[in-house]
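The structure under discussion appears below in the form of structure tokens.
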Amino acid sequence: MKEYELSDAEISKFQDPSHWLMHFPPLAKEDLKAFGLGCDWRRSFITTDMNPYYDSFVRWQIRKLKEMGKIVKDLRYAIYSPLDGQPCADHDRASGEGVLPQEYTLIKMEVVSPFPAKMRALEGKKVFLAAATLRPETMYGQTNAWVLPQGNYGAYEINETDVFVVTERAALNLAYQNLSRVPQRPTCLLELIGTDLIGLPLRSPLSVYEIIYTLPMMNVLTDKGTGIVTSVPSDSPDDYMAMHDLKTKKALRDKFGVEEEWILPVVPINSQNEKDKLAEAKRLTYLKGFTEGTMLFGEFAGVKFQDPSKLLGNNQAVIYNEPEKKVMSRSGDECFVALTDQWYITYGEEEWRKMAEECLSEMKLYHKETQWVSQNFELVE
């Protein structure tokens, strides 16, 4: 504020929130005039409770909507700041403006006992490698699971019986979505690294193979999804090439202790290190598969099936959300997605326009009594 040549005495006045409304609008008005903006300034007004007329209108509007059953309380996914303890809207963010929750289906791939020595402490619980996917309809084509060999993972309690192996970041998202034994506090029973998981036998929903195995992949992301990837080579060039490398390069198998019988045969291409070519192939494959793909196998053969309800209904998957990309709050913490209890207006229903027209008529009558805003109301589509 001193850069704007405000004195200490003037700066102290900003302790009163209303002073901001008195100080800055006139300056903004002068700047807009300097830009040459043509505006009828007689129609300007303050949109806070400092303006009793506007405040009265907002209260009337909310009461009206509530009486009509258009305001409801419900659990919804929202970008959330743990430090602030509340949803983090765009104006509360230091970065990530416009970022929304991204919904995934979390596939529960059960680890087959007996557990290896490093996971022996989990015996007696149902342990799942939990993989996030946007394409649950492709799960018939699973051949294996991928982990990042040097990635950091943990075994986190979800409820009394289930344990998910995921990254800490994913566990935090899960904890704020009622998927943690202790709400909002992920409980890590065991810390693991990717190499601890290689070779784990898994039973995965919908896969045509009774057992699939966990294998190493060099480009698994641990800052997106759960750090566990379910592999469908028929629909993913990345999966296809990683499988090819393990199949054809004995030195790579030896490096990570991969048994040859864990590897299903695939047709060779070149290398998973050709990242630019793979990225373009992935883009085209995913786009065409999502928009034009038709199921050829299973009970949904012949239809474009993208509904995870069968997996969810059989307790083989859960819904999982995380920010589309990284969001930082103004308070300085990274935001997650939380299942929050909030009030909502049910926009989008067919009768909404009729209701809006009724409100518009009442607004015109309201104006005649208060005379605080223009008579030229229009209902905008």
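Put a dot 7 Å past the Cα of ILE319, heading toward its Cβ, do the same for LYS118, and the two dots end up 3.5 nm apart.
Heavy-atom accessible surface of region 1-123, averaged per residue, reaches 69 Å², computed with a 1.4 Å probe. Karplus-based coupling profile of region 156-169, in residue order and whole Hz: 10, 5, 9, 8, 4, 10, 8, 10, 9, 8, 8, 6, 4, 4, with θ = phi - 60° in 6.51 cos²θ - 1.76 cosθ + 1.60 and x standing for Gly or Pro.
How high is the relative contact order of region 177-236? Use alpha-carbon pairs under 8 Å, at least six apart in sequence, and give a whole percent. It comes to 19 percent, rounded to a whole number. Ordering of 215-224, 186-195 by packing is 215-224, 186-195, highest average first (other Cβ atoms within 10 Å, averaged per residue). In region 170-235, the ratio of gyration radius to Kirkwood radius, Rg to Rh, stands at 1.00 when only Cα atoms are counted.
The chymotrypsin sites (Phe, Trp or Tyr not before Pro) of region 171-265 meeting both criteria, a DSSP state outside H, G, I, E and B (loop) and at most 16 other C-beta atoms within 10 angstrom of the site's C-beta, are TYR209. Rounded to the nearest 20, the size of the Cβ-charge dipole of region 19-66 about its Cα centre is 360 debye, with Lys and Arg at +1 and Asp and Glu at -1.
Computed extension length for LEU221-SER309: 29.0 nm, one decimal, from 0.36 nm per residue of separation with the Cα-Cα distance subtracted.
Roughly how compact is region 1-56, stated as its Cα Rg over 2.2 N^0.38 Å to two decimals? The reported ratio for this selection is 1.37.
Hey, which of these cross-link pairs are over 28 Å Cα-Cα: LYS118/LYS250; LYS126/LYS310; LYS66/LYS310; LYS224/LYS310; LYS73/LYS354? As for pairs spanning more than 28 Å Cα to Cα, those are LYS66/LYS310. Available extension along the chain between ALA28 and GLU210 is 58.8 nm, counting 0.36 nm per residue and deducting the alpha carbon span.
The values are calculated or read from the model by the stated rules, or taken from the named source; none is laboratory data. No experiment lies behind these values; they were computed from the predicted model shown. Because the Cβ atoms are built from the backbone with ideal geometry, glycine has one as well, and the counts that use them run over all protein chains shown. Note: areas computed on protein heavy atoms with side chains; ligands, DNA, RNA excluded. Shrake-Rupley method; radii C 1.70, N 1.55, O 1.52, S 1.80 Å.
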